[in-house]
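The values are calculated or read from the model by the stated rules, or taken from the named source; none is laboratory data. Since we're looking at a predicted model, the values are computed, not measured. Cβ sites come from the backbone with ideal geometry, for glycine too, and all protein chains shown count toward neighbours. The protein model used for the area step is the full one, side chains on, heavy atoms only, and it has no ligands, DNA or RNA in it. Shrake-Rupley method; radii C 1.70, N 1.55, O 1.52, S 1.80 Å.
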Amino acid sequence: MDLKLFGEVFVTLLVITDPPGMVPIFLALTGTLPARDRIRAGTQAVALALGVIVVFAVAGQTLLDYLHVDLPALQGAGGLLLILISLALLTGKQDDPNQQVTSNIALVPLGTPLLAGPGAIVATMLFVQRADGMADYVAIALGIVAVMVAVWLTLRFSGVIVKILRPSGIEVLTRIAGLLLAAIAVQLIADAVAAFVADYAAR
């Protein structure tokens with residue numbers, strides 16, 4: 001196995017997924033849930049993210065070509081989705097327990113596009129394109145799994161922070177997380193627009 005490639009995959013995806021940065025958003029979305037449901041949401045989110053990244057690693061370019069979708073379009077779609085989530089956090093609509101469904105939170109936005117977003121997908125596809133032989137594929141696969149384990153451990157033990165912050169602190173954190181998510185969404189859309197402009201200018 002190529003340890004250098006493993007290290008590159010691990011560090012790159014770890015920086016993109018940003019487990020410490022995920023904690024405030026994760027707590028904002030799940031802070032009012034019972035501990036058991038919060039742990040389940042984290043596990044489901046990581047499992048979904050792993051599945052999405054693996055699918056795009058194996059057949060990402062083929063799938064996008066078949067659908068006639070460019071990577072910037074995928075990036076823009078992720079940005080629009082995050083804007084909707086950030087508005088819900090900023091306005092406090094997600095605080096309604098009747099509207100909050102654990103599985104939905106785990107799938108969107110935690111699993112995708114936050115963990116398995118355009119950045120992680122594109123980086124994984126580029127690593128796969130660079131791979132030369134089974135040893136490289138094994139290194140990439142292990143790097144992806146190691147990152148997902150690190151993310152899961154971070155989310156799994158975020159409950160300690162919930163006990164410290166209490167409900168009032170979670171509410172403040174929710175608003176901050178909403179603002180951060182909005183900024184991430186705008187950056188994704190801006191990058192997508194810039195990529196489209198650059199692509200058409202080069203033609």
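The table that follows gives values for the structure above.
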read-out	value
Helices (runs of 4 or more DSSP H) (entirely within region 95-162) containing at least 1 residues that are open to solvent by less than 30 Å² (accessible area, probe 1.4 Å) and modelled with pLDDT of 90 or more	118-130, 134-156
Residue list for region 26-38, restricted to those being open to solvent by less than 60 Å² (accessible area, probe 1.4 Å) and either more than 12 Å from the chain's Cα centre (by Cα) or at pLDDT below 85 (or both)	27, 28, 29, 30, 31, 33, 35, 37, 38
Hey, residue 60 buried (at least 20 other Cβ atoms within 10 Å of the Cβ), of a type outside the set (A, V, I, L, M, F, W, C), more than 13 Å from the chain's Cα centre (by Cα) and modelled with pLDDT under 90 or not	yes
Subset tally (residues that are of a type outside the set (S, T, N, Q) and more than 24 Å from residue 44 (Cα to Cα)) for region 113-137	11
In region 43-54, residue most open to solvent (accessible area, probe 1.4 Å) [restricted to those that are under 12 Å from the mean Cα position of the chain (by Cα) and closer than 10 Å to residue 152 by Cα]	47
Conditions (1) open to solvent by 50 Å² or more (accessible area, probe 1.4 Å); (2) of a type in the set (A, V, I, L, M, F, W, C); (3) at pLDDT below 90: number failed by residue 88	(1)
Selection within region 1-17 - in a helix (DSSP H, G or I) and not β-branched (Val, Ile, Thr)	3, 4, 5, 6, 7, 8, 10, 13, 14
Test for residue 182: is it open to solvent by 60 Å² or more (accessible area, probe 1.4 Å), small (Gly, Ala, Ser), at pLDDT below 90 and assigned to a helix (DSSP H, G or I)	no
